[in-house]
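Novice: There's a structure below that I have some questions on.
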Amino acid sequence: MKTTVLETDGRLVAVLSGELDTAAAAETEVALKPLFESTGKDVVLDCAGLEYIASSGIRIFLNLLKTTQAKGNRVILKNVNEVIRDVLELTGFISYFEFE
Amino acid sequence: MAAFIDRIRIFFKERKGSRLVLILLTALLLELVAVLQYTYTRNLLIKEEERITRMELTMESDVILNTLEEAELSMRENEWSVQKSLAHPDSLFGAVGRMIRSNPSVAGACIAVLPDYYPEKGRLFEPYAHKEGGRIVVDQIAGPDHDYTLGPDFQRALREETDFWSDPYAYGTDPVQQLTTYTYPIWDRSGRLAAICGLDIDLTWLSDTLNVHPYYPSSFGFMLTRNGRLVAGPREERVSPQTMAYVADLVMDPTVDRTIRGRHRVNCIEFRDPVNREWAYLDFRALPRSPGWIVAEVSYRDEVLAPVRSMMWRILLMALAGLAFVIFIIERFARVGKRLWESDVKQARIESELRIARRIQEEMLPKSLLDRADLAVQGFLAPAKEVGGDLFDYFVRDEKLFFCIGDVCGKGIPAAMVMAVAHSLLRQLCEQEEDPACIVGKLNGEACRNNESGVFLTLFLGVLDLTSGRLRYCNAGHEHPLFIRDTVEELPALANVPVGAFNDFEYRGQETDVAPGAVLFLYTDGVSEAMDINRQQYGRKRLRAFLSGCSRQPDALVHAVGDSVRTFVGAAGQSDDITMLALRYREEQDKNR
């Protein structure tokens, strides 16, 4: 699991690649800290390289969503593949996120 | 390795005591080595002192003997010339001059003629030669004020009629000379004792020669006559007369303990200087021939052993350093051992607590197959770690089967704790309510309270009316259950979010009829997302295909799926909790068939 955070067009973008399973969840949460701590910026999770997500990973997405929305900003999921979209659909979280 | 750790553990069980004993033993050993080394070096140094002293005494004796022998040789060489000159008294002046010139250490020479030997020269006649300011002066010195016949050496020569050496004596003033006289009787051609010759040998240099000691700065040498009279020694500034008198007495006192060593019979006496209270070694030997003078040397023990003293500090420092090192190693080893032991104990405790937690968790689950005439239910739960975050449950109340399956996000202890709370809450709620959506909604309300970490659980809750076969259910983000009839199909489920995600979420329930003989199969993603070593997932497709060809008996079914998944993952091993619940509902006619 690899996480890179960068800023483009005034948005914080986290590029995720690999498998976000329970074992990788803790380190990913740490890597995403800048996104959790940002204010006044929309947050983008680029999932182009994300192959798999476990419920622990979904939890991080959900926490990021709650934190960011509480500050009046948006969380946008980008390049989400079928597998991950499937998980989001199943859990009903899909309607909470915006997609690009 | 385990055996080794066990040994460390046993060793450090009473580790404080063992450590102390080990340190003391090491200290003792180092001390012993230091003592041995000290003793060895000390003995070596004392032997060295003996060797040096023996060598010096030998050298000094040889120098003295050489001087004496050279003088004797000179005398014998001149014997003939003296004898010949006896015929003419005045020619004895020439003879005495030759005697003094024969040898540089000869300070003076005389020929004392026996009384009345030359009637023309009166009763006494003694030609005498001596050095005066580099010149040789020859005189006749006998007279009323110098009657040589009264001299002890002269009388002894008459008595013994043989040659001999006198003990050294001081002669003259400014400078005082130490002289010794070689007395030699001369017979004329008629065989009559005619004269007594004397050669005065200067021994003034002896005191200096005996006191050149490069080895030990305070050592000193001296020479005694056979009777113990001091005739050569260090200056008074260096050694007090009291010390000199004391050592001279020691040499002469045969009752004093002494060791006698070597061919030259060197005596050694250990004594304590009466002036400076220092211990010292007194070595001495007598000349191996007449006049039997005694050469001696004193060395102070402090100086002899000085090298071992400075070495002792080094040895002591080294021993201390060694001890410090050993203590460091032991302490370090003890700390590591203790840590190993403690972490082992901790590990064992955690493991045992986890085993208890697992048992509690297992006991919360329905234990036996629910097997009624119209119903069979079987659950299956295999946690990936000691405790898991999955749950299933079922029970019958008022002819209604309450059943559920759930999956807390994450694994291990945190997930298990959330699961335990959720499970007991769920049980309580199911006692009061019958509407699955309402139960899940209330559970969600509780779960969202103080849920800082955002932990959620997916849950499927169903309530099956066993009289009507009507199933009411609510799916909160869980894997859709599968309906196994002629085909395997997903139970349609609304996309409710998992429990604990959003406080204000409105859960919606659904209803369906359960056909007679149908099997409802519920599972967690531990089944569908089980991975093999190539990280390929077991998958829903494979699961459905497997189920279609599988037994319809719930207990056989769950175990068959469990085996299938285990076979699939192979060497990769179980990575997530695997949980299943299978139920088969039968109508009356089904039972009669």
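The values are calculated or read from the model by the stated rules, or taken from the named source; none is laboratory data. Here the structure is a predicted model, which is why all the values come from computation and not from measurement. When we count neighbours, we look across all protein chains shown, and the Cβ atoms used for this are built from the backbone with ideal geometry, even at glycine.
Novice: Of the conditions (1) assigned to a helix (DSSP H, G or I); (2) closer than 30 Å to A:Glu19 by Cα; (3) touching a strand residue (DSSP E or B) at 6+ places or on another chain (Cβ under 9 Å); (4) not polar (S, T, N, Q), B:Phe505 fails just one. Which one is it?
Specialist: B:Phe505 satisfies every listed condition except (1).
Novice: Another question, if that's okay. Somewhere in the stretch A:77-100, is a residue facing chain B (nearest Cβ under 10 Å), in a loop (DSSP other than H, G, I, E, B) and among the polar types (S, T, N, Q)?
Specialist: yes
Novice: Could you tell me whether the stretch B:82-100 includes any residue that is of a type in the set (Ser, Thr, Tyr), in contact (Cβ under 8 Å) with a residue 40 or more places away in the chain and buried (at least 18 other Cβ atoms within 10 Å of the Cβ)?
Specialist: There is no residue in the stretch B:82-100 that is of a type in the set (Ser, Thr, Tyr), in contact (Cβ under 8 Å) with a residue 40 or more places away in the chain and buried (at least 18 other Cβ atoms within 10 Å of the Cβ).
Novice: Okay, moving on. Can you tell which of B:Ser424, B:Ser468 is assigned to a helix (DSSP H, G or I) and either over 60 Å from the mean Cα position of the chain (by Cα) or surrounded by fewer than 21 Cβ atoms within 10 Å (Cβ to Cβ) (or both)?
Specialist: B:Ser424
Novice: Now for a different question. What about B:Ala319, is it in contact with an Asp or Glu (Cβ under 8 Å, 6 or more places away or on another chain), in contact (Cβ under 8 Å) with a residue 60 or more places away in the chain and surrounded by 12 or more Cβ atoms within 10 Å (Cβ to Cβ)?
Specialist: The answer is yes for B:Ala319.
Novice: Which is of a type in the set (Gly, Ala, Ser), assigned to a strand (DSSP E or B) and assigned by TED's automatic domain parsing to the domain that holds B:Arg470, of B:Ala545, B:Ala582, B:Ala556, B:Ala560?
Specialist: One residue alone meets the criteria, B:Ala582.
Novice: Write out, first by first residue and then by second, each pair whose Cβ atoms fall under 8 Å of each other, whose residues are 6+ apart or on separate chains, and whose first residue, in the stretch B:244-264, is touching a residue at least 60 places away in the same chain (Cβ under 8 Å) while the second is not hydroxyl-bearing (Ser, Thr, Tyr).
Specialist: Partner pairs satisfying both residue conditions: B:Arg261/B:Glu50; B:Arg261/B:Arg54; B:Arg261/B:Cys268; B:Gly262/B:Arg54; B:His264/B:Arg54; B:His264/B:Leu57; B:His264/B:Arg285; B:His264/B:Pro288.
Novice: Would you mind telling me which numbered condition in (1) within 13 Å of chain B (Cβ to nearest Cβ); (2) under 29 Å from B:Ala384 (Cβ atoms); (3) touching a Phe, Trp or Tyr at 6+ places or on another chain (Cβ under 9 Å) A:Gly57 fails?
Specialist: Exception for A:Gly57: condition (3).
Novice: Being within 29 Å of B:Gln553 (Cα to Cα) and either facing chain A (nearest Cβ under 10 Å) or surrounded by fewer than 19 Cβ atoms within 10 Å (Cβ to Cβ) (or both) narrows it down to one residue among B:Glu433, B:Glu506, B:Glu479; which is it?
Specialist: Exactly one residue qualifies, and that residue is B:Glu479.
Novice: Something else now. For the stretch B:22-72, give me each residue that is under 15 Å from the mean Cα position of the chain (by Cα) and hydrophobic (A, V, I, L, M, F, W, C).
Specialist: The answer is B:Leu22, B:Ile23, B:Leu24, B:Leu25, B:Ala27, B:Leu28, B:Leu29, B:Leu30, B:Leu32, B:Val33, B:Ala34.
Novice: When you scan the stretch B:165-195, how many residues do you find that are in contact with a helix residue (DSSP H, G or I) (Cβ under 7 Å, 6 or more places away or on another chain) and over 15 Å from B:Val113 (Cα atoms)?
Specialist: Final tally of qualifying residues: 5.
Novice: Quick check on B:Thr180: is it at pLDDT 90 or above, among the polar types (S, T, N, Q) and in a strand (DSSP E or B)?
Specialist: yes
Novice: Still on this structure, I have one more. Give the stretch B:373-393 a look and list any residue that's touching a residue at least 40 places away in the same chain (Cβ under 8 Å) and in a strand (DSSP E or B), or say none.
Specialist: B:Leu375, B:Ala376, B:Val377, B:Gln378, B:Gly379, B:Phe380, B:Leu381, B:Ala382, B:Asp390, B:Leu391, B:Phe392
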